[in-house]
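Below: the structure, in structure tokens.
The values are calculated or read from the model by the stated rules, or taken from the named source; none is laboratory data. Bear in mind that the values here come from a model prediction, so they are computed numbers and not experimental data. Glycine also receives a Cβ, built like all others from the backbone with ideal geometry; neighbour counts cover every protein chain displayed.
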Amino acid sequence: MTREDKAQLIGDLTDKLKDTDHFYITDTSGLTVAEINKFREMCFTKGVEYKIVKNTLIKKALEKIDGDFSELDEVLKGTSGLMFVKENANAPAKIIRDFKKEDPHERPKFKAASIDSDLFIGEDHLNALAKLKSKQELIGEIITLLQSPAKNVLTLLQSGEHKLAGIVKTLSEREE
């Protein structure tokens, strides 16, 4: 690979990291070609982009974007694959977790993740990341919570065979 090719690849990777709020770093070493293809297919169906990239290129690309990613130096050893997702931050964690359930050696290994510039390093964070709710799920829950009081008031007003409406009408018609 020439210097120009490396510079182009670093530039492309830098752009991808800037455009994506969430990325995961995994280790797929030891997987067969068929297993890696199955893993890539799972990623594709969930809208996650997966790339295997050299660690030095990842480090150089991370140096060019805003934020402190120096903590990732310790995990950027061995084989590293990057998983990019734009909206649903928990999708890569779910893919890794589900794939590990089927693999007797519990691969791929979760190395780290950056979610909205917060770093999660180590295998122990995988289950917590998989349980994260997506933006759409959180918005749905908030809307449901906001609608509940209004629905309760409407239900109370409509109950009791319009007694409340009758009382209000009587009070408004009463002469003062």
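Values as computed for the structure displayed
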read-out	value
Leu119 touching a strand residue (DSSP E or B) at 6+ places or on another chain (Cβ under 8 Å), in a loop (DSSP other than H, G, I, E, B) and surrounded by 14 or more Cβ atoms within 10 Å (Cβ to Cβ)	no
Any hit, the range 95-116, residues being assigned by TED's automatic domain parsing to the domain that holds Cys43, of a type in the set (Ser, Thr, Tyr) and surrounded by fewer than 16 Cβ atoms within 10 Å (Cβ to Cβ)	no
Enumeration of residues in the range 32-62 that are among the aromatic types (Phe, Trp, Tyr) and surrounded by 16 or more Cβ atoms within 10 Å (Cβ to Cβ)	Phe39, Tyr50
Filter result for Met1 (among the aliphatic types (A, V, I, L, M) and either at positive phi or free of Cβ contacts under 8 Å to residues at least 12 places away in the same chain (or both))	yes
Filtered residues of the range 67-94 (kept if over 28 Å from Gln136 (Cβ atoms) and either in a loop (DSSP other than H, G, I, E, B) or not assigned by TED's automatic domain parsing to the domain that holds Asp15 (or both))	Asp68, Val75, Leu76, Lys77, Gly78, Thr79, Ser80
